[in-house]
Amino acid sequence: MKLLQKTGLVLAASFMMVACGKSGDTVETTDAQEVGEATGETLVIDNQSSKVNWKGYKPSGQHYGFIPVTSGELVVAGEEITGGKFVFSIPDLKIEDLAEGSEDYGKLHGHLQSPDFFDAANHPQATFEVTEVTAYTSNNSVADKDEFASDNTPASDSELAGSNPTHWIAGNLTMRGTTKNIKFPATVSITDGAVAAKAGFNIDRTSWGLSYGDESSAVDKAKDQFIYNTVSVMFDINAK
């Protein structure tokens, strides 16, 4: 990885946005970015305590769970993250709102592993690789995307970000063989040679080819026969 540049995140308005429009800064999705070479101390991801939480929405309900992190590292120079990468295992995805071993659990898990969603047989791993880290300042805020209103409207980006982000993190997220760069606010603490990083944000799943039930193709949304394209993602990453 080349040295990560600290030039800030100045992205053109023509970039595809996951969250857009009202005011403040945005959680954004763009084309994959060059990964720089990080300098500093390399810390190993603790795969026992690190995971990627997810929540999917449809007007008639929600499903949520997590994907285990299997390996990775963060590179730290002083009080700053300068790079890092972690890998998570799609076949080991867990669904927490259904009883594991139940018929409903098996059906949903199998569907998520299928080509309709993650296509896990061909793409069993997903990765996130840091491309840039900048400070989250008191002048920053998080703008929210307008969503179709229902009993299960997706959580907003500002809600997921929490009240005290410390950094903007950008990185290349690869799923189903597709890589996109995402930028989101995160809360990062570096203490006694250990790093804890938490973040919550939304992505548009169709940007990675997870297009089953695409809400943009719903002829009549009032019939609730679609799945929201918005998926909430929560990173909980620990390294030491």
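The values are calculated or read from the model by the stated rules, or taken from the named source; none is laboratory data. What you see is a predicted model; the values in this text were computed from it and never measured. No Cβ is skipped: glycine too gets one built from the backbone with ideal geometry, and neighbour counts run over all protein chains shown. Note: areas computed on protein heavy atoms with side chains; ligands, DNA, RNA excluded. Shrake-Rupley method; radii C 1.70, N 1.55, O 1.52, S 1.80 Å.
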Using only alpha carbon positions, build the gyration tensor of the chain, then give the equivalent ellipsoid semi-axes as the square roots of 5 times its eigenvalues, largest first, whole angstrom.
29, 22, 16
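What part of the accessible area of the chain, given as a whole %, is carbon or sulfur when the probe is 1.4 angstrom? If you can, show how the numbers build up before the last one.
Numbers: 5570 of 11470 Å².
On the chain, the fraction of accessible area on carbon and sulfur atoms equals 49 percent.
Could you work out how much longer the chain between ALA32 and THR179 gets when fully extended? Use 0.36 nm per residue separation minus the Cα distance between them, nm to one decimal.
On the way: separation 147, 0.36 × 147 = 52.92 nm, distance 0.58 nm.
Between ALA32 and THR179, full extension yields an extra 52.3 nm.
Could you report the chain's accessible area per residue, 1.4 Å probe, as an integer in Å²?
Values: 11470 Å² over 240 residues.
Value for the chain: 48 Å² per residue.
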For GLU103 and GLN125, extending 7 Å from Cα along the Cα-Cβ vector and measuring point to point gives, in nm, a value of 3.8 nm
Between helix 103-113 and the chain: long-axis angle, C-alpha atoms, 0 to 90°, nearest 10
60 degrees
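Got a sec? What order do LYS240, LYS58 fall in by accessible area at 1.4 Å, biggest, i.e. largest, first?
Details: LYS240 150, LYS58 75 Å².
I get LYS240, LYS58, largest accessible area first.
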Connecting C-alpha atoms closer than 10 Å in a GNM of the chain, tell me which of PRO185, PRO59, PRO154 has the biggest fluctuation.
PRO59
Extension gain SER211-ALA77, at 0.36 nm per residue separation less the Cα-Cα distance, in nm?
44.3 nm
Per q in 0.14, 0.19, 0.21, 0.22 1/Å, what log10 I(q)/I(0) does a Debye calculation on the alpha-carbon atoms of the stretch 97-207 return?
-0.80, -1.17, -1.22, -1.24
Report THR26's accessible area, 1.4 Å probe, all protein chains in place, as a number in Å² to the nearest 10.
20 Å²
Per DSSP H run of n ≥ 4, the term is -39500 (n - 2.57); total these for the chain, divide by its residue number, and report the mean residue ellipticity at 222 nm rounded to 500 deg cm²/dmol.
-2000 deg cm²/dmol
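What FRET efficiency comes out for ASP151 versus THR39 if R0 is 51 angstrom and r is the Cβ-Cβ distance? Round to the nearest 0.05.
Working: r = 49 Å, r/R0 = 0.96.
With a Förster radius of 51 Å, E is 0.55.
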Starting from the residue with the highest accessible area, list ASP146, ASP224 in decreasing order, probe 1.4 Å.
ASP146, ASP224
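Work out the FRET efficiency for ALA222 and SER114 from their Cβ-Cβ distance, taking R0 = 25 Å, and round it to the nearest 0.05.
On the way: r = 28 Å, r/R0 = 1.12.
Plugging the Cβ-Cβ distance into 1/(1 + (r/R0)^6) gives 0.35.
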Please work out how much accessible surface ARG176 shows to a 1.4 Å probe, ignoring ligands, DNA and RNA, in Å² rounded to 10.
60 Å²
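Rounded, prolate or oblate: which fits the stretch 17-118 when a ≥ b ≥ c are the square roots of the eigenvalues of the alpha-carbon gyration tensor, with rounded for a/c under 1.5 and prolate only if a/b beats b/c?
Numbers: a/c = 2.48, a/b = 1.47, b/c = 1.69.
It is oblate, given that a/c is not under 1.5 and a/b is not larger than b/c.
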Kindly give Rg over Rh for the stretch 141-187, based on alpha-carbon atoms, with the Kirkwood expression for the hydrodynamic radius.
1.04
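Ordering LEU98, LEU93 by accessible area with a probe of 1.4 Å, largest first, what comes out?
Numbers: LEU98 45, LEU93 5 Å².
Greatest to least solvent exposure: LEU98, LEU93.
Can you tell me how the stretch 156-236 classifies by the Cα gyration tensor, rounded, prolate or oblate, using a/c under 1.5 as the rounded cut?
On the way: a/c = 3.63, a/b = 2.00, b/c = 1.82.
Cα axes put the stretch 156-236 in the prolate bin.
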